[in-house]
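Values in this text are rule-based calculations from the coordinates and carry no lab data. Only a predicted model underlies this, so the values are computations on that prediction, with no experimental measurement involved. FYI the Cβ positions are ideal-geometry reconstructions off the backbone, even for glycines, and counts take in every protein chain you see.
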Amino acid sequence: MAINLKFSYFFIGGFNASFYKKKIPRLIELFHCNFYNVIMIGIIDYNAGNITSVERALKFLNAEFVLSKNPADLENCDKIIFPGVGDAAYAMSQLKKTGFDIFIRDFVKSGKKLAGFCLGAQIIFDFSEEGNVDCLGLIPGRIRHFKELWKEAGATHEMNLKCPHMGWNDLTYTNGGSSLFEKIPEHSDFYFVHSYVICPEDKSVIKATCDYGIKVPSCIEKDNITVFQFHPEKSGEKGLQILRNFAGEELC
């Protein structure tokens, strides 16, 4: 739940705490969470993200978070969620316009954790063929269209597959998986919507794949960056578990 920290301090301080322990125990609990765990998850709002679904999921988990269009508001967060839907070229233009391109690079360099969803998972790489645009370059690799990859792979059954890849698909863990899959059985289903595919240079960073004419890298992890081609925030209980694992100590 998003909380105005200054308001919480004022509101509690002006009244007898024992009253709230009796009448409104949840308010005391949230105050305790804010007082001792003032560092929150940040959500980047750059006019190209699926913000509402991410907010709803975090509120359901009672996770503390800050949502902002201003990078300065997220500087004190120790974890960032980088969502995204739509076109890569437009998204990059919005990141540059808002200053989030520099913020994200600096945030990752600081060693803090970043989780990217869908388009946010793609534009952390070097280049996207969607709009032929240079991206953030946090992990070496390119973003390529399904049809080109199907053609190169000599897949004869891709004619029966629709593009975009839309709907539920199950994951196979690779290279040891990710700690963010803790308590999630392999071959669990997650919700995908994408026409372009993450193609990292180093295949060892691929932590999960799904099958859609080719093996589709679905989770990439390198150091403090973990990104998901699917939408955890739209993937039911299994997606919520990913968010629980990412939030960790920030859950109240």
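Fully extending the segment from Glu148 to Lys97, taken as 0.36 nm per residue of separation minus the present Cα-Cα distance, adds 15.3 nm. Extension gain for the segment Glu237 to Glu186, taken as residue separation times 0.36 nm less the Cα-Cα distance, is 16.9 nm to one decimal. In terms of other Cβ atoms within 10 Å, Ile242, Ile206 run from fewest to most in the order Ile206, Ile242.
Charged neighbours of Met92, selected by a Cβ distance under 11 Å, balance to -2 (K, R count +1; D, E count -1). Could you tell me which of rounded, prolate or oblate describes the stretch 94-252, using a ≥ b ≥ c as the square roots of the eigenvalues of the alpha-carbon gyration tensor, with rounded for a/c under 1.5 and, failing that, prolate when a/b is larger than b/c and oblate otherwise? Because a/c hits 1.5 or more and a/b fails to exceed b/c, the stretch 94-252 counts as oblate.
If only the Cβ of Lys and Arg carry +1 and only the Cβ of Asp and Glu carry -1, the dipole of the stretch 37-250 around its Cα centre is close to 140 debye.
Here the spin labels are modelled as points 7 Å beyond Cα on the Cα-Cβ line, and at Asp106 and Asn160 they lie 5.2 nm apart.
With 21 Å as the limit, the listed pairs Lys162/Lys238; Lys59/Lys238; Lys151/Lys207; Lys207/Lys238; Lys59/Lys207 have Lys162/Lys238; Lys151/Lys207; Lys59/Lys207 beyond it between alpha carbons. In the stretch 37-250, the DSSP beta bridges split such that about 55 percent are antiparallel, to the nearest 5. The Asn224 and Ser204 beta-carbon pair, evaluated with R₀ = 25 Å, returns a calculated FRET efficiency of approximately 0.95.
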